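What follows is a single structure, written as structure tokens, with notes after it.
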Amino acid sequence: MSDKIAKLSIGNDSWELPIQTGVIGPDVIDIASMYKQTGKFTYDPGFTSTASCESKITYIDGDLGTLLYRGYPIEQLAEHGDFLETCYLLLYGELPTPAQKTDFDLRVTRHTMLHEQMQTLYRGFRRDAHPMAIMVGVVGALSAFYHDSTDISDPHQRMIASLRMVAKMPTIAAMAYKYSIGQPFVYPKNEMDYASNFLNMCFAVPAEQYKVNPVLARAMDRIFTLHADHEQNASTSTVRLAGSSGANPFACIAAGIACLWGPAHGGANEAALNMLHEIGSVENIPEYIRRAKDKNDPFRLMGFGHRVYKNYDPRARIMQKTCHEVLNELGIKDDPALEVAMELEKIALNDEYFVSKKLYPNIDFYSGITLRALGFPAEMFTVLFSVARTVGWIAQWKEMVEDPSQKIGRPRQLYTGSDKRDYVTIGQR
Ligand code: ACO
């Protein structure tokens, strides 16, 4: 707590509110006592000026384009580490020693199988169900299968639930995919690394040998790392709010997946890929740039702009590099979507409209092209995002549950409905 004070005055009355200082980032005015002192609430739809919690996990500086997990820049983690190392870091707060890493990898690997009876759950869905609908249902149902890790007051059970979730999400996601295309489920293989195992469960079939390409597995792993956490975004805030009532961790993560499904959040990479296809070729770009700038046209450049980043999204830079690596490895020389993306980015970054509004490519600009090249259909893009983000959700959930000052989340409102009125019986209306 700093000794800085904010002064609030309304008419002739004034109050003092403490200002808290974080390690980095803007100070926050602590308004927790404001209602008691003043009888007034604050109003901030969309939480554009409100910190909903204190956290030690992830930091974003949107103006500088910086993303840190537990203090480490995303670029360094993506370049030198692997996804499970990032999971350890997010869950425990420090990078693992070699022995801790080996032990952690082993513990995750030992939890990758799903209870066999869960297969019947999948079979209850229509074949054409969106895989995100299956994800919401199956992850929520985990609490019906793993009762021994739903007591949130027990630290051991919390950690087992966390490991189970990180370990089982690839299996759940791959099964959702296999079910949607009518292929048999592929069991996890413990000798494979996390990303290779996931690709194998998605693309292997019993009829033919499938060999995981290590370059593609490395790209998949990096995509997971880039999406692992992003502080208090909509789905993470949803997980925290659900968890604040004491709900079990599986139910909370299912709530996070439901929120991620929305096109303004996890669904943007699909929209960006569709837009690149719609533009079709470089000659059409000026027309789309003109439309994006036209106030009377609802069209927006998908994969451009971000609520927090007012600079290049650091994840987009790594994603662009990964995209090139994947296309090179697959021998895709002239991908029209990539060609349009590169040219569009060049034009937009030099256009006064985009420069003055600080609109830069976000991670979704290149991730759709990459995921499609890896072999995933568009409906799976958000599913992959949810596999990666699970560790962030669970780390944030654990942090909240372990915070002694934690309370149930209960926002207030500005009521603008009818004033009190008397009931009128149906015959009199
Ligand atoms: N294309 C054209 N103009 C844009 C774009 C865009 N992609 N994004 C923002 N603008 C303009 C807006 O029209 C607005 O202009 P104005 O001030 O003249 O009215 C200004 O920039 C600010 O935009 P807001 O929508 O107010 O900014 P906000 O922070 O609410 O929105 C958002 C951020 C939703 C990401 C927005 O930039 C957008 O719609 N981008 C396209 C969708 C997208 O890529 N989403 C992925 C986000 S990343 C993720 O979820 C992982």
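The values are calculated or read from the model by the stated rules, or taken from the named source; none is laboratory data. Note that the coordinates shown come from a computational prediction; the quantities given were computed from them, not determined experimentally. Don't worry about glycine lacking a Cβ; one is built from the backbone with ideal geometry, like all the others, and counts go over all protein chains shown. Please note that ligands, DNA and RNA were not included when accessible areas were found on the heavy atoms of the full protein model with its side chains. Shrake-Rupley method; radii C 1.70, N 1.55, O 1.52, S 1.80 Å.
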**Report entry** Other-chain or far-sequence residues with amide H under 5 Å of THR66's (modelled H)
**Finding:** ASP61
Query raised in the report: Amide H to amide H under 5 Å from ALA6: which residues, 5+ apart in sequence or cross-chain, H placed 1.01 Å off N in plane?
Result: LEU17, ILE19
Query raised in the report: Who wins for biggest fluctuation among PHE304, PHE365, PHE47 in a Gaussian network model of the chain, springs between alpha carbons below 10 Å?
Result: PHE47
Query - Entries of LYS168/LYS407; LYS293/LYS357; LYS56/LYS407 with Cα pairs more than 20 Å apart - result: LYS168/LYS407
Report task. With a Förster radius of 30 Å, plug the Cβ-Cβ distance of SER405 and LEU106 into 1/(1 + (r/R0)^6) and report the FRET value to the nearest 0.05. Result -> 0.30
Query raised in the report: What does the chain give for Rg and for Dmax, in Å, if only its C-alpha atoms count?
Result: 23.5, 80
Query raised in the report: Using a 1.4 Å probe, what is the accessible area per residue for the range 116-254, in Å²?
Result: 39 Å²
Report summary line: Net charge (Lys, Arg +1; Asp, Glu -1) of residues whose beta-carbon lies under 13 Å from that of SER356, SER356 excluded, is +2
Report summary line: Of all C-alpha pairs within the range 49-155, those more than 16 angstrom apart amount in percent to 73 percent
Query raised in the report: GNM on the chain, C-alpha springs below 10 Å: top fluctuator among VAL108, VAL383, VAL205?
Result: VAL205
Requested in this report: Specify the residue with the greatest mean-square fluctuation among MET192, MET169, MET319, computed from a Gaussian network of the chain linking alpha-carbon atoms under 10 Å apart.
Outcome: MET192
Requested in this report: Taking 7 Å along the Cα-to-C-beta vector as the label spot, tell me the HIS277-ARG300 distance in nanometres, rounded to one decimal.
Outcome: 2.1 nm
Requested in this report: Identify all aspartates and glutamates with a Cα-Cα distance to LYS178 below 18 Å; exclude those on the same chain that are fewer than 8 residues away in sequence.
Outcome: GLU116, ASP128, GLU208, GLU379
Query raised in the report: Are there any helices in the chain, counted as whole DSSP H runs, that stretch 27 Å or more along their axis by Cα and score at least 0.0 on average by Kyte-Doolittle, and if so which?
Result: 155-180, 381-401
Query raised in the report: What does the convex hull of the Cα atoms come to per residue for the range 159-293, in Å³?
Result: 169 Å³
